[in-house]
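Down below is the structure, laid out as structure tokens.
The values are calculated or read from the model by the stated rules, or taken from the named source; none is laboratory data. Computed from a predicted structure; not experimentally measured. Positions of Cβ are backbone-derived with ideal geometry, glycine not excepted, and every protein chain shown enters the neighbour counts. Each accessible area value is taken on the protein alone, full model and side chains, heavy atoms only, with ligands, DNA and RNA left out. Shrake-Rupley method; radii C 1.70, N 1.55, O 1.52, S 1.80 Å.
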Amino acid sequence: MFFSPRASRLVPELTSDRLLLRQLTLRDEREWLNLRYTNSRWLKPWDPTSPSGVPEPMTYTQMIRAKDEAARDGSGYSWAIALPQLRQSRPPLIGQVSLSSVQYGAARSGSIGYWIDGSHAGFGLMPEACALVIDHCFQDLDLHRLEINIRPENAASLRVVEKLGFRDEGLRRAYLHINGAWADHRTFALNREELSTTMLERIYER
């Protein structure tokens, strides 16, 4: 891992007309756990698992501490996705988007992952959330390449990268352990110079 002083701060808020992306905190525990429980059947086919077959338990507090540490050292960032247009004092969470495996040096790359509440899928919210993160990565973190790895049968997630205009780089055999087994993934990528506008502008135009 390479360290970048520019990326050492904690997660900044990112906003669009419909979304607020903010740092996940200890205060979100009940809401986050309820959202994951409600969507357990929706998310299980795509959730990572332990290859050893032995669960690797992590409490919510441990997860938050790990994410905060990654943000401090510049290796990764995670945003809760909220809906500010509902005008509540604390807008409800509907999902999460993360940037992981951040490398600087000669690579300047990272990998994006995401999930959304099933009842909010299909309305273009996830491409919009990813667009905010992509613009932050290229404009503020000064990354050069971003990739998204998707199970070939995950039609909803494939629609996200299609809207974002990521190019298909092909199949990675048994790339990640998902839902109890090693699973193939398709890799989609985008380099900074391939984007002539902001990503948010690109998806608004489509």
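Numbers for the structure displayed
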| item | result |
| --- | --- |
| Those residues of region 14-32 which are of a type outside the set (D, E, K, R) and within 24 Å of Gly124 (Cα to Cα), in sequence order | Leu14, Thr15, Ser16, Leu19, Leu20, Leu21, Gln23, Leu24, Trp32 |
| Residue list for region 166-182, restricted to those being touching a residue at least 40 places away in the same chain (Cβ under 8 Å) and outside any strand (DSSP E or B) | Asn179, Gly180 |
| From His185, His136, His120, His144, residue being more than 13 Å from the chain's Cα centre (by Cα) and either closer than 14 Å to Val97 by Cβ or touching a residue at least 60 places away in the same chain (Cβ under 8 Å) (or both) | His120 |
| Enumeration of residues in region 95-111 that are under 19 Å from Tyr204 (Cβ atoms) and without any contact (Cβ under 8 Å) to a residue 40 or more places away in the chain | none |
| Scan of region 128-162 for residues that are touching a Cys at 6+ places or on another chain (Cβ under 9 Å) and either surrounded by fewer than 19 Cβ atoms within 10 Å (Cβ to Cβ) or not in a strand (DSSP E or B) (or both), ordered by number | Leu143, Val160, Val161 |
| Looking only at region 195-206, and only at residues there that are of a type outside the set (Phe, Trp, Tyr) and without any contact (Cβ under 8 Å) to a residue 24 or more places away in the chain, the one that is most open to solvent (accessible area, probe 1.4 Å) | Glu205 |
| Some residue of region 166-179 being within 21 Å of Ser16 (Cα to Cα), of a type outside the set (A, V, I, L, M), open to solvent by 10 Å² or more (accessible area, probe 1.4 Å) and under 18 Å from the mean Cα position of the chain (by Cα) | yes |
| Residue that is least open to solvent (accessible area, probe 1.4 Å), among those in region 93-127 that are under 15 Å from Leu43 (Cβ atoms) and in a helix (DSSP H, G or I) | Met126 |
| Residues that are touching a residue at least 60 places away in the same chain (Cβ under 8 Å), open to solvent by 80 Å² or more (accessible area, probe 1.4 Å) and either assigned to a helix (DSSP H, G or I) or under 28 Å from Tyr204 (Cα atoms) (or both), drawn from region 19-70 | Thr38, Trp42, Lys44, Trp46 |
